[in-house]
Every structure is written in C-alpha cells, then in structure tokens.
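S.K.: Handing you a structure now.
The values are calculated or read from the model by the stated rules, or taken from the named source; none is laboratory data. This is a predicted model, so every value here is computed, not measured. Here the Cβ is made from the backbone with ideal geometry for all residues, glycine too, and neighbour counts use every protein chain on show. When the accessible area is computed, the model is the full protein with side chains, heavy atoms only, and any ligands, DNA or RNA have been set aside. Shrake-Rupley method; radii C 1.70, N 1.55, O 1.52, S 1.80 Å.
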Amino acid sequence: MLNDPLDPVSFRPIVGIDLGTTNSAVAYIREGKPHVIAAENGQTLLPSVVLIDPNQQVIVGQDARDGLIAMPERTIAAVKRLMGQEDPITLAEQQFLPEEISALILKELRSWLKPVFGDEESIEAVITVPAYFNDAQRRATKQAGELAGFVVERIINEPTAAALAYGLDHSETARNILVYDLGGGTFDVSVVTLDSGVLEVRASNGNRRLGGEDFDWRLVDWMAEQIMAEEHVDPREDLRARAILKDLAEKVKWTLSDHSQAVVESPVLMVHDGHPVMLDTHIRRQQFVSMIQPWLDETFTLVEDVLRQANLSADAIDDVLLVGGSTRIPRVRDMAADYFGHPARVEVDPDLAVALGAAVQAGIKSGALSHAGLVATDVAPFSMGIATARPSWRGWQPGYFEPIIVRNTAIPCTRSKTFTTVDDGQDTIEVEVFQGEDERVSRNYPLGSFRLTGIPKAPAGMEKVDVTFRYNLNGILEATARITSTRFAKSLVVQDGLERRSQEALEQSRRRLEALWAGDASLDEASDLDTVINVSAQDVSTVVDEKEDLVGEIKAMMADLQSLMADHPASKQRKAIQDLLVRAAAALATNDDEALQAVIDQGTDFLLEAGSFDL
C-alpha cells in the first residue's frame with residue numbers, strides 16, 4: 001500500500017519524469033489520470049539548474065537559477081545539452097560528468113515524492129529524452145536516474161510521451177497526430193497514429209541542439225550589440241554581466257509572448273573603467289521574431305521531412321500538439337496554423353505534457369492504467385549498421401556506412417543483410433557497429449566492434465557473412481555476424497543498462513554525490529573521477545561464441561516477451577506469451593541448437609507482429 005493520503009493504491013510506486021533543459025517535472029497516476037507532483041511550495045516545474053554554494057551545499061531549482069547571476073562560476077544550467085559527453089564539467093572548482101549534474105536535479109525531484117509515497121525506498125521511473133538523443137545520451141540519462149536512486153524502468157521519447165498524455169482522453173477515434181516539441185534545448189517532431197487505443201509512432205526527426213536556449217542567447221547578442229555601440233565594451237566577456245543578460249533575455253522572451261513590445265533594462269550591468277554600464281532600451285516582438293525566424297524555419301523543414309517519412313501530407317494531420325515552453329511564442333503557433341490549415345491543440349499544458357505522458361507510460365507498466373486500453377509503440381530513432389567498403393576505380397574503398405536497421409523502423413525488430421569478403425584468402429573481418437544517418441561511417445556514432453575469425457580462405461567475394469541486428473523495446477541492440485558456409489557466429493550485445501560504466505565506477509559516482517548532497521565532502525579527488533570516466537569497451541558490450549550467441553538471443557527474446565506481458569498485464573495474448581516463454585525455457589534446458597533457433601524464430605515473429613495484435 002502506498003502512502004498517498006489522497007488515493008492509496010496497491011500498484012508498485014512508479015513515476016514519469018521529464019528531465020528538461022530548462023525545467024523538469026515529475027508526475028504519477030492518481031484515480032486513473034496523470035497528475036504532476038508539486039514541491040512543498042506548490043511549484044510544479046523545477047528549474048534544471050544546480051548551484052554548489054561556498055559551504056559546499058547543493059542547491060537545485062529557482063534559488064540555483066538566481067545564483068546564475070550572483071555566483072555564475074558555481075552554477076550550471078542547460079546540462080541536458082551536454083549529456084552523453086565524457087568530458088568533465090568544472091563547477092565550483094570541482095569536476096562532474098553531465099549525468100552526475102542531472103542526477104542532482106533528479107534527486108531534488110525525488111524529494112518531492114515523499115508526501116505521495118512516504119519513505120518508500122524503491123521507486124521506479126520512466127524518464128523521457130528527446131527522440132533524437134543518440135545511444136550515449138540515452139545511456140547517460142538512465143545512469144542519472146539510477147544515481148538519483150530511481151529504478152529506471154524505461155527511457156521513452158518526449159514526443160511519444162506527449163502523445164500518450166493526449167491520447168489517454170482521445171483514443172476513441174482514429175487520428176493522425178503531429179507532435180511539435182520545441183523545448184529549451186531541443187526540438188523534436190513525430191507523426192503518431194492513434195487508432196482504437198493503439199498509439200503508433202510512424203516517424204520522428206529533430207535537432208538536439210535547437211531550442212529556447214538559442215533564442216535567449218540571440219537576444220543576449222542583440223543586447224550586447226546595443227551596449228557595445230554606446231559603451232564600446234562587450235559585456236559578454238564579463239561572467240556576471242553575461243549571466244545578467246541571459247536572465248534578462250529569458251524575461252524579455254516571456255514578455256514578448258504576451259505583449260507586442262518589451263522594456264529591456266538593467267541599471268548596473270557591470271563596471272568599466274570605473275563607470276557603471278547600464279542598459280535601457282526596448283524591443284518589439286517583430287524584431288525578436290526576425291532574430292529567431294531561421295531556427296523556426298528549420299523546425300518546419302524537419303516537419304516536412306517527418307511527414308515525408310510517414311508518407312502523409314499536411315492535410316492528413318488531424319491534430320497538431322504543441323509541446324515545450326518555446327511553443328508559447330505566438331509566431332510558432334501562427335506558423336503551425338498556417339502550415340496545417342487549423343489551430344494546434346493546446347488543452348494539455350505544453351510545459352507539463354511530457355511529464356504527464358511519462359506518467360501514463362508508467363501507469364501502463366504498473367497496471368494502474370490497464371483499464372485504459374492504451375498501447376504505445378515506438379520506432380528506432382537512428383539507423384544502425386556497420387562499416388563497409390565500396391568498389392571504386394582504385395579498388396575497394398573503406399569507410400562507408402551500411403544500415404541494417406533504418407531509422408523509424410518499428411521496434412522490437414530483427415533485420416539482416418549479407419556481405420562478402422573483399423580480399424582473396426580473407427579469413428577475418430572486423431565488424432564495427434555504428435548509429436547515424438551519414439553514408440560516411442566516421443560521421444556516425446560508434447556503438448562497438450568485434451572480430452569474426454575462421455572464414456574459409458577463398459577468392460574475394462566467394463565467402464558470405466550474414467549480419468543480423470536485433471533491437472528490442474528496452475534499447476538493447478544485438479549484432480550477430482555469421483559465416484554462411486560454416487554457420488560459425490559471434491555477437492556484440494550493446495546493453496541499455498549500467499554496463500556502459502563499470503558498477504565500481506557507478507558506485508563511486510553514487511558515493512560522491514551522496515556525500516556532496518549531505519554537504520560533508522568535496523569532489524576534488526581527480527583520481528576517482530578519472531576512474532569513472534575511464535571506461536573499457538568490455539563494460540559496454542560482450543562478445544560471445546556461436547553457442548552463447550543462440551543462448552543470448554533466446555534470453556533477449558524472453559526479456560522482450562516478459563516486458564510485453566508486464567506492459568499489458570490484461571493482454572488477450574498473455575497465454576500465447578506464456579506458452580512461448582515455457583518453450584524457450586525448455587529449449588534452454590535441452591541446449592540443442594535447432595531447438596534454440598526454432599524458438600527464437602517463433603518468438604521473433606510474435607514480437608514483430610505484436611504491434612498489430614489486439615492486446
């Protein structure tokens with residue numbers, strides 16, 4: 001029994017979290033509906049800003065945002081844009097990884113949960129990410145959640161979450177929905193079909209470095225230009241003045257969403273040559289729009305692209321959902337109405353839609369929304385493939401990318417392609433796995449590699465290698481290369497869990513953050529941080545032989561089936577899933593290759609068709 005004075009329920013404690021660039025929020029299911037959880041002061045949005053004060057106390061939220069001006073060297077905002085990078089961030093003369101900063105934000109959100117869940121220690125979470133986040137960014141987000149003390153059940157795409165928030169009350173009729181998500185740091189757009197309770201993502205696209213932050217900094221540049229024309233000094237070179245301008249830019253942007261003109265003033269911005277430098281001017285909404293119009297045009301270029309991928313015209317879109325605080329800008333709403341021929345839907349709060357939708361996904365997983373009959377499918381956000389060579393007038397030219405699973409493929413999925421040797425007598429190949437869209441492999445993101453040996457020596461092109469990718473609902477990619485003639489195979493498993501960094505390194509991060517949160521430790525131990533950053537490839541992936549390959553495949557398939565059953569506890573397909581799990585367990589017990597492969601094929605076919613079932 002959860003300690004919720006409003007609505008005690010028997011489902012396991014699970015929440016949905018929007019870890020945003022500018023603001024974050026957390027929500028849960030109460031009385032069959034998603035509700036945002038507020039802090040003690042009633043605020044529902046937590047500014048995603050972290051401050052470490054001179055007493056080594058961690059401050060997160062509005063007070064930290066205020067510290068951007070008073071103590072800019074001790075404060076960090078918009079860390080979401082740095083997620084996935086392994087370069088440390090210097091804050092208050094200490095070094096952190098981006099996921100550690102994000103963990104402090106999530107830990108503050110976790111403290112908001114006590115009135116709902118009491119002293120419950122094990123709280124599960126569904127955390128959202130931009131649809132265009134790559135593998136490293138998704139891993140870092142999950143690690144941040146685990147470091148904050150959550151059991152991270154699922155990482156889902158923000159547009160998918162927003163569509164779930166809308167679809168909970170609009171699942172009775174078939175609709176084509178476009179989710180336009182313009183947040184503080186990222187832009188995502190997805191086309192979603194909602195029909196008889198099944199929410200299917202058709203296509204996604206986006207830019208993970210386009211959002212309200214860019215608009216703010218463009219305003220900062222404009223204000224700096226006004227000062228430079230009058231005072232002949234660039235205020236952006238002064239750390240405190242830069243922070244003041246950034247804060248002022250945000251306020252000006254908010255004002256221009258409601259008014260046609262805004263006053264821009266700061267009595268004492270900085271001191272230069274012994275004289276105070278001030279700012280006192282005004283800006284019209286149209287001036288601001290002209291500054292950000294190129295970015296807005298880019299978002300609609302991406303809208304056109306995602307419609308093309310979904311094979312839909314603008315006229316075929318029934319509803320447009322505007323998500324993210326930057327969609328409050330009137331020009332965004334006008335452009336959406338002009339493009340689609342009708343106003344966008346705004347009944348779901350743009351700032352809270354993603355958190356509410358994450359709570360819906362959490363409710364589906366826990367069973368709290370099993371009565372709703374809502375099922376969500378998703379797509380692979382990036383293409384995944386291998387490095388290959390292409391013929392040229394100079395012979396085989398390496399360095400090209402060949403997708404195996406193409407972007408926007410519905411998941412879970414299995415895809416295969418056949419390749420040949422390129423050299424006479426070649427007996428070994430290096431299988432390098434990448435994620436991305438560029439034909440040049442060097443411009444894509446590496447996921448791992450492994451070596452397949454034992455290829456029979458033969459003339460170039462005679463020996464074939466089948467490469468198979470399996471990608472499941474939990475973000476686990478398994479790449480297998482099998483020699484066609486001998487059936488010998490090896491695999492690379494790219495885990496979605498905490499294996500990207502060793503458990504020891506994660507525990508070090510957790511201890512450091514707990515000590516910092518308690519205010520009794522400094523993080524100056526460079527050796528500890530070096531240990532955290534220095535990750536071996538074996539922590540990311542494992543290479544297995546042919547027998548272990550089949551066992552790994554069947555175990556991954558069983559995990560997919562169990563996840564499907566957990567997501568849909570009242571599913572009409574429950575008996576079929578259970579039967580498959582029993583057959584899989586029996587095949588594992590026999591350890592027979594043919595039995596293992598037969599069950600793998602049956603289970604994979606079932607999972608591929610699951611999206612069309614009446615669950």
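S.K.: Name the lysines eligible as straight-distance cross-link partners of K251: C-alpha to C-alpha under 30 Å, and not fewer than 8 places from it in the same chain.
M.R.: K80, K107
S.K.: Name the residue farthest towards the positive end of the dipole of the chain from the options W517, S563, T173, assuming +1 on Cβ of Lys and Arg, -1 on Cβ of Asp and Glu, about the Cα centre.
M.R.: About the Cα centre, the residue reaching furthest to the positive side is T173.
S.K.: Give me the percent relative contact order of the chain, please, defined on Cα pairs under 8 angstrom at least 6 residues apart.
M.R.: 13 percent
S.K.: Share of antiparallel DSSP beta bridges in the chain, in percent to the nearest 5?
M.R.: Expressed as a percentage, antiparallel bridges in the chain total about 80.
S.K.: May I pose another question? Convert each backbone phi in segment 223-229 into a coupling constant with the Karplus relation 6.51 cos²θ - 1.76 cosθ + 1.60 (shift: θ = phi - 60°), then list the ³J(HN,Hα) values in order as whole Hz, x for Gly and Pro.
M.R.: Result, ordered by residue: 5, 4, 5, 5, 5, 4, 5 Hz.
S.K.: Let me ask something additional. Given R₀ = 45 Å, FRET efficiency for R240-D334 by Cβ-Cβ distance, to 0.05?
M.R.: That pair, R240 with D334, gives E of 0.75.
S.K.: Next question, about the same structure. Choose one of Q602, A584, A310: the residue whose Cα lies farthest towards the positive end of the charge dipole of the chain (beta-carbon charges +1 Lys, Arg; -1 Asp, Glu; about the Cα centre).
M.R.: After comparing all options, I get Q602.
S.K.: Here's a follow-up. Sort segment 365-486 into rounded, prolate or oblate with this rule: let a ≥ b ≥ c be the square roots of the eigenvalues of the Cα gyration tensor; rounded if a/c is under 1.5, and if a/c is not under 1.5, prolate when a/b is larger than b/c, oblate otherwise.
M.R.: prolate
S.K.: Place a +1 charge on the Cβ of each Lys and Arg in segment 41-174 and a -1 charge on the Cβ of each Asp and Glu, then give the dipole magnitude about the Cα centre in debye, rounded to the nearest 20.
M.R.: Result for segment 41-174 is approximately 200 debye, rounded to the nearest 20.
S.K.: So if each residue of separation counts as 0.36 nm, and I subtract the Cα-Cα distance between Q602 and A518, what length gain in nm does that give?
M.R.: Once the chain is fully extended between Q602 and A518, it gains 25.1 nm.
S.K.: Multiply the residue separation of S196 and E86 by 0.36 nm, subtract the distance between their alpha-carbon atoms, and state the gained length in nm to one decimal.
M.R.: Extra length available between S196 and E86 comes to 35.2 nm.
S.K.: With a 1.4 Å probe and all protein chains left in place, how much of the accessible area of the chain comes from carbon and sulfur atoms, in whole percent?
M.R.: 48 percent
S.K.: Residue separation times 0.36 nm, minus the C-alpha to C-alpha distance between Q562 and R308: what's the value?
M.R.: 88.0 nm
S.K.: Let me know the charge dipole size of segment 99-226 about its Cα centre in debye, to the nearest 20, where only the beta-carbon of Lys, Arg (+1) and Asp, Glu (-1) is charged.
M.R.: About 240 debye.
S.K.: In segment 167-269, with Lys and Arg counted as +1 and Asp and Glu as -1 at Cβ, which of these residues, V220, V192, G206, has the Cα nearest the positive end of the dipole, that is, farthest along it?
M.R.: Projecting each Cα onto the dipole axis, the largest value belongs to V192.
S.K.: Then there's this: Within 11 Å, Cβ to Cβ, of A389, how many net charges do the neighbouring residues add up to if Lys/Arg are +1 and Asp/Glu are -1?
M.R.: Its environment carries a net charge of -1.
S.K.: Simple spin-label model, 7 Å along Cα-to-Cβ: Y445 to E230 in nm?
M.R.: It is 4.4 nm.
S.K.: Also, I was wondering about something else. Tally Lys/Arg at +1 and Asp/Glu at -1 over every other residue whose Cβ is under 10 Å from the Cβ of I329; what's the total?
M.R.: Charge balance in the 10 Å sphere: +4.
S.K.: Going by alpha carbons, how many degrees (0 to 90, nearest 10) lie between the helix axis of 158-167 and the longest principal axis of the chain?
M.R.: Between the helix axis and the principal axis of the chain, the angle is about 90 degrees.
S.K.: May I pose another question? Given a Förster distance of 51 angstrom, what is the FRET efficiency for R390 paired with E93, based on the Cβ-Cβ distance and rounded to 0.05?
M.R.: 0.50
S.K.: Order of 116-128, 379-391, 272-284 by packing, highest average Cβ count within 10 Å first?
M.R.: Descending packing order for the listed peptides: 379-391, 116-128, 272-284.
S.K.: Taking a cut-off of 18 Å between Cα atoms, list the lysines near K464, but don't count ones fewer than 8 places away on the same chain.
M.R.: K417, K490
S.K.: Please report, in debye to the nearest 20, how large the charge dipole of the chain is about its Cα centre when each Lys and Arg carries +1 at its beta carbon and each Asp and Glu carries -1 there.
M.R.: Dipole about the Cα centre, nearest 20: 1000 debye.
S.K.: Okay, next question. As an exercise, use a Förster radius of 35 Å and the Cβ-Cβ distance of A576 and E31 to find the FRET efficiency, rounded to the nearest 0.05.
M.R.: That pair, A576 with E31, gives E of 0.60.
S.K.: Which order, highest average first, do 88-100, 188-200, 395-407 follow once you tally other Cβ atoms within 10 Å for each residue and take the mean per peptide?
M.R.: So the order, starting with the most tightly packed, is 188-200, 88-100, 395-407.
S.K.: Please say if the chain is rounded, prolate or oblate, where rounded means a/c under 1.5 for a ≥ b ≥ c the square roots of the C-alpha gyration tensor eigenvalues, and otherwise the choice is prolate for a/b larger than b/c and oblate otherwise?
M.R.: prolate
S.K.: So, counting K/R as plus one and D/E as minus one, what does the shell of residues with Cβ under 10 Å around V79 add up to?
M.R.: Taking every other residue near V79 into account, the sum is 0.
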